[in-house]
1. Among 106, 275, what's the order by accessible area (1.4 angstrom probe), most exposed first?
2. What is the range 260-308's relative contact order, in percent, from Cα pairs under 8 angstrom and six or more apart in sequence?
3. Calculate, in nm to one decimal, what residue 303 and residue 220 gain on full extension: separation in residues at 0.36 nm each, minus their alpha carbon distance.
4. Calculated FRET efficiency, residue 185 and residue 71, Cβ-Cβ r, R0 22 Å, to nearest 0.05?
5. So how much slack lies between residue 286 and residue 117, counting 0.36 nm per residue of separation and subtracting their Cα-Cα distance, in nm?
6. Suppose all protein chains stay in the model; what accessible area per residue would a 1.4 Å probe give for the range 206-308, in Å²?
7. Pull out a ≥ b ≥ c, the square roots of the eigenvalues of the alpha-carbon gyration tensor of the range 221-267, then state rounded if a/c is under 1.5, prolate if not and a/b is larger than b/c, and oblate in the remaining case.
8. At 0.36 nm per residue, and after removing the present C-alpha to C-alpha distance, how many nm does the segment from residue 200 to residue 103 gain when stretched out fully?
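The values are calculated or read from the model by the stated rules, or taken from the named source; none is laboratory data. Everything numeric in this text was worked out from a predicted model, so none of it was measured. FYI the Cβ positions are ideal-geometry reconstructions off the backbone, even for glycines, and counts take in every protein chain you see. Side chains included, ligands, DNA and RNA excluded: accessible areas come from the protein's heavy atoms. Shrake-Rupley method; radii C 1.70, N 1.55, O 1.52, S 1.80 Å.
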Amino acid sequence: MPDFDGYTPAFPRRGKKRYGSYSDNEPTYDGRFTEEEESTFGNAADDQDNWRWSTWNSSPTNSRGPIPYPDWLVTDAGAVDIELGILKTGKEADVFLVRRENTDTDRRCLMAAKRFRVSEHRMFHRETGYLEGRKVRNSREMRAMANSTDYGRKVVAEQWARTEFGALSGLYQLGLPVPYPVQVSGQEILMEFVGQEEGIAAPRLADARLTADELTGIWDELVDALVLLAREGFTHGDLSPYNLLVHDGQIVIIDLPQIVNVLTNPQGPEYLERDVRNICAFFTSAGMVGPYVDPDDLHGLLRQEVGL
């Protein structure tokens, strides 16, 4: 069973799906730029104050995404990361659109930079429950986190970033539909941006306009993903139609810093049940009927897969 706290995957990637994005339960960005915003993004690219050298070549191997690296990813020495603007603000993190490019060859790719915020308020309103059963590097960090010192809040932010990066890396290699994680550094995760080349983001499931057949297909994909996740002993921890994207007719699971080990976290079974009821409620309200749409049926299936 993978350990997503600093997990370094060692098994081959299944499938060749391309994903990546950002989100939060209450995003302020709907994925579409106005003409004014597009102009602002273009101006941002021209301002070299928004440029930084790519840290890809200097980053440790365990801070990079799974091997083999996807063809679209720019790993050239001398590439720059150009911050184009903010995509979304959230309670725990802000997300920025970043273009990495080699200015000599014009190779480029779009990424989302998710930066966990260090602030005086708690990073997550259920933070204690999510952190149960997780490893922390040393007792000093444990004390700092417990006392909510400046250093402790920084440790918490970095732990959320590292945990989400590890979760994305592990799940990507298992073949689950998650964004490709490019790299992690401190409180920031770089991941592939999901959407069109113009910067139009894939819609959240809550906002997607789907036919009955499309909704059924999305449901089937989601159940398959949840079963595979449960077989590894995990549940999303905060599953909702706001942290599922629909891209090219396929589901993409996002927002995974709070991923929960159902077997080692004392509250794990409760998180599993809540994930099931949240997502079943959405599909039921959308008119879905069929296998496992009933929360008791899906919950029973996933409990069996987890080994409860």
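1. Ranked list, largest accessible area first: 106, 275.
2. Here the relative contact order equals 34 percent.
3. That pair, residue 303 and residue 220, stretches by 28.1 nm at full extension.
4. So the FRET efficiency works out to roughly 0.45.
5. Separation in residues times 0.36 nm, less the Cα-Cα distance, equals 57.4 nm.
6. That works out to 43 Å² for each residue.
7. Verdict is oblate for the range 221-267.
8. 32.6 nm
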